[in-house]
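Since the structure comes first, as structure tokens, the remarks are kept for the end.
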Amino acid sequence: MREFRVDVPAPEKWGEGLVSIPEGESVLVEGRLESVHEGILVSGVVETDYSGVCGRCLTEITEPVEVEFQELFAYPGEEATDFEVQDDHVDLETLVRDATVLALPFQPVCQPDCPGLDPATGERLAVSTEPEQRMPVDTRWAALQEYTPDHDDEQRA
């Protein structure tokens with residue numbers, strides 16, 4: 001058994017969609033290589049940061065991501081496998097990339113209760129400086145507005 005720790009930059013952009021791991025971002029891989037009968041068992045943890053935009057308010061976000069992985073690299077043989085030992089070496093790039101990209105959030109948010117954007121003005125609701133907007137009145141109900149208590153107080157004044 002051998003343990004290792006490698007900190008390398010991402011060779012290219014990993015992921016598509018709202019968030020991804022940019023090219024050159026530091027990717028820390030801590031793992032263990034174990035010799036087993038069928039090949040080499042690789043297990044470990046990947047730590048890096050993803051960046052992109054919030055799925056609700058479209059602000060820039062950068063968050064850490066930590067992923068655990070475990071895969072068997074089989075010795076070359078008659079059966080085809082996804083990962084094979086090549087000249088007593090294992091190539092972890094595909095394994096690390098796939099595990100990390102699958103762990104990225106599909107709908108990332110800048111905060112758990114992000115209210116998003118105002119549908120009328122397009123401003124972020126979390127930092128809006130305008131007074132709270134009243135809900136638009138449906139024209140079919142507009143006649144009932146005359147009978148509200150607020151409206152009666154205005155007429156008397």
Query raised in the report: How far apart, in nm, are two points set 7 Å out from the Cα along the Cα-to-Cβ line at GLU3 and at TYR75?
Result: 2.7 nm
Query - Charge dipole (the stretch 1-134, unit charges on Cβ, about Cα centre) - positive-most of VAL36, PHE83, ILE61 - result: ILE61
Query raised in the report: Ordering SER35, SER26, SER20, SER51 from largest to smallest accessible area (1.4 angstrom probe), what's the sequence?
Result: SER35, SER26, SER51, SER20
**Report entry** Modelled FRET efficiency - R0 35 Å, GLU84 with VAL53, Cβ distances, 0.05 increments
**Finding:** 0.35
Report task. Using the heavy atoms of the protein chains and a 1.4 angstrom probe, tell me the accessible area per residue for the stretch 5-73 in square angstrom. Result -> 55 Å²
Query raised in the report: When only DSSP loop residues count, what trypsin sites (Lys or Arg not before Pro) in the stretch 1-36 have their Cβ near at most 13 other Cβ atoms within 10 Å?
Result: LYS13
Report summary line: The simple spin-label model distance between LEU125 and ASP91, using points 7 Å out along Cα→Cβ, in nm, is 4.8 nm
Report summary line: Length gained, ASP138-GLN111, 0.36 nm per residue minus C-alpha separation, equals 6.4 nm
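The values are calculated or read from the model by the stated rules, or taken from the named source; none is laboratory data. This one's a predicted model, so the numbers in the text were calculated from it and none came from an experiment. Glycine gets a Cβ as well: all are built from the backbone with ideal geometry, and neighbour counts include every protein chain shown. Note: accessible area is taken over every heavy atom of the protein model, side chains too, but ligands, DNA and RNA are not part of it. Shrake-Rupley method; radii C 1.70, N 1.55, O 1.52, S 1.80 Å.
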